[in-house]
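So the structure is just underneath, and the comments pick up after that.
The values are calculated or read from the model by the stated rules, or taken from the named source; none is laboratory data. These numbers were taken from a predicted model, which means no experiment stands behind them. When we count neighbours, we look across all protein chains shown, and the Cβ atoms used for this are built from the backbone with ideal geometry, even at glycine.
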Amino acid sequence: MKFFVIFFIVLLFNGIAIAQLPVCSGPGSGLIYYVDNGQIYNLDPTQPLSATNPSANTLPVMPSFAAALAVCNNINGGATSPTFYTTDGTFYYYYNGTSWVNTGHSPGNSGAVNIGGGTHYIYSLVGFTGQIYRYDGTSNAILLTTVSTFNGGGPYDIVVDCNDNFYLLNTTLQTMEEYNSNGILIKTFTTNSPISSAGGGFAIIGNTVYYNNTSGYVSGPIIGNTINFSIINASGLSPSPSDFASCIFGSGSNSSSNDTLYACANGASVALTAPDNPPYVWSIKSGSGNIIGSGKNINVTVSSNLLVVLTDSTICGLGTDSFHIIVPNANINFESSSSVVCHTKTTALSANISNNPNNTNFTWQWTPTNAIVSGGNTLAPIVNLDSSLTYYLTLTSSPNQGNCVFTKRFDFNILNCDTLNIKLPSAFSPDHNGINDIYRLLGNTKNVNYLDFRIYNRWGQEVFATSDPFKGWDGNFLASPSPAGVYVYSVVYKINGNNDYSSFSGNVTLIR
């Protein structure tokens, strides 16, 4: 708890008092300010405690009996802002750059001496009762609410963010509670405070909570809804604080957060909602898309992966929220878009996935499921071809990656290979009359996907060979006409969709 002592100090530098106002942005920001016996001290929480950390602030000693401290926007209309505020239990005071100014306004209760400042309000806590008073700079503070659970816990202090939400840390109950400016509880954090006594104060810098009480100086990061504290110095700070103060922090509990969303197709519209109240500025930092609307709720039309940044445009201007919008993408590849098979049988399908730049996790499923023999959720299923069938491979991204669906079609045609009638004539006459000039395969050769066709003369010499089912022998050998007579041929071939080889051989008569 706070102790009220009259203690006058005048610090001089070359005979001139140097006033160190709170620094809330840029170099020198991020300090904890605290008070002991009317003297303000500056503490850099990023540095080890030492003979120069904390260091005495050179502001004039605070008004008599004032042992409270807050950093706040100047809600009384003064030009110096942000600045320090304090109270002696009777009036609020603020520092105007040269001296402390009595506002003439009461904190509402002589025990409401545990204060914290925000954008538009100062809140005061009565430690033993949990009463919260709110001051707007125009008149005496009003009783806002009573936090019934805060009736003797500690530390006795209050922190405010730039949305004017206020925070109470209770090391006895192992909680930190966030309330809005109307005194409504909006969030509870759980803590593991190692020291649970009253006294001192607390501050929030970035996402780290610091406090000091009669047993030590402690800090802990805010991770989700929990705060894991550890002791920095079991002896506490020296000089010993009666109250902490820090600059208005962030943009509420959602400050500096990141959200990843998924749009399942280019051109899709994604709805975004600001976590707190405006004013806000929405902007696209990378990628291609369009923002539709303004204020708390907007839509973004997505043309590619996007980074949309929401910036808090309140006076504290520290809060940002980044929305990463990802368009999952994948190409489903087959060797061809269709396949011809010879007859009803089981066969294997095969697919692969490419162009997945976001490393999206997919599951896959083939349909119709009643024709899948095995492996329906793999890229290489076995299917039952009992008729002409159309198969679909469907890819679905994981639930935390948008549940996006991609589908590609694969067609089978059933063919009776016995009706292909692949054969060769018994004779041909390469006399250039346009009739039987070329000796080639007859029948449904378009479904032949493998061919070894050779012709030999009577001495076993190969006079012609081809693997093209549409090519044939013109009767020449080594650029000269072959003599009339009987030649021997051999044919080995395969049909689309059939893994078996077929072959036949025979004689052909060359007529001249």
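Could you list all residues from region 479-512 that are within 60 Å of the chain's Cα centre (by Cα) and of a type outside the set (G, A, S)?
If the condition is that a residue be within 60 Å of the chain's Cα centre (by Cα) and of a type outside the set (G, A, S), then V492, Y493, K494, I495, N496, N498, N499, D500, Y501 are the ones that fit.
To keep it simple, each residue is scored yes or no on (1) surrounded by fewer than 16 Cβ atoms within 10 Å (Cβ to Cβ); (2) assigned by TED's automatic domain parsing to the domain that holds N165; (3) farther than 17 Å from N180 by Cβ.
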{"site": "F84", "(1), (2), (3)": "no, yes, yes"}
{"site": "D88", "(1), (2), (3)": "no, yes, yes"}
{"site": "Y93", "(1), (2), (3)": "no, yes, yes"}
{"site": "G97", "(1), (2), (3)": "yes, yes, yes"}
{"site": "G117", "(1), (2), (3)": "no, yes, no"}
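Would you say T208 is in the same structural domain as N42 (by TED's automatic domain parsing), in contact with a Ser or Thr (Cβ under 8 Å, 6 or more places away or on another chain) and free of Cβ contacts under 8 Å to residues at least 60 places away in the same chain?
no
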**Complete:** When region 43-56 is checked residue by residue, the ones that are touching a residue at least 24 places away in the same chain (Cβ under 8 Å) and either in a strand (DSSP E or B) or not aliphatic (A, V, I, L, M) (or both) are L43, P45, P54, A56
**Request:** Assess whether N163 counts as being of a type outside the set (A, V, I, L, M) and either free of Cβ contacts under 8 Å to residues at least 40 places away in the same chain or more than 30 Å from G78 (Cα to Cα) (or both).
**Result:** no
**Prompt:** If you take just the strands (runs of 3 or more DSSP E) that sit entirely in region 175-251, which of them hold at least 2 residues that are within 33 Å of the chain's Cα centre (by Cα) and of a type outside the set (S, T, Y)?
**Reply:** 175-179, 185-191, 201-205, 216-223, 230-233
**Prompt:** When only residues in region 264-293 that are surrounded by 17 or more Cβ atoms within 10 Å (Cβ to Cβ) and assigned to a strand (DSSP E or B) count, which is modelled with the lowest pLDDT?
**Reply:** Y280
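This table checks each residue for (1) outside any strand (DSSP E or B); (2) closer than 29 Å to S110 by Cβ.
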site	(1), (2)
Y41	no, yes
T58	yes, no
V61	yes, yes
A67	yes, yes
V71	no, yes
G78	yes, yes
**Request:** Look through T172, T129, T119 and report the one residue that is modelled with pLDDT under 95, among the hydroxyl-bearing types (S, T, Y), within 25 Å of A79 (Cα to Cα) and part of a loop (DSSP other than H, G, I, E, B).
**Result:** T119
**Asked** Which condition does V308 not pass, out of (1) surrounded by fewer than 21 Cβ atoms within 10 Å (Cβ to Cβ); (2) assigned to a strand (DSSP E or B); (3) at pLDDT 70 or above, if it passes all the others?
**Response** (1)
**Message:** Need pairs with beta-carbon distance below 6 Å; first residue assigned by TED's automatic domain parsing to the domain that holds S502 and assigned to a helix (DSSP H, G or I) and within region 440-465, second of a type outside the set (S, T, Y) and surrounded by 17 or more Cβ atoms within 10 Å (Cβ to Cβ); sequence gap 6+ or separate chains.
**Reply:** T445/P469; N447/V340; N447/I495; N447/N496
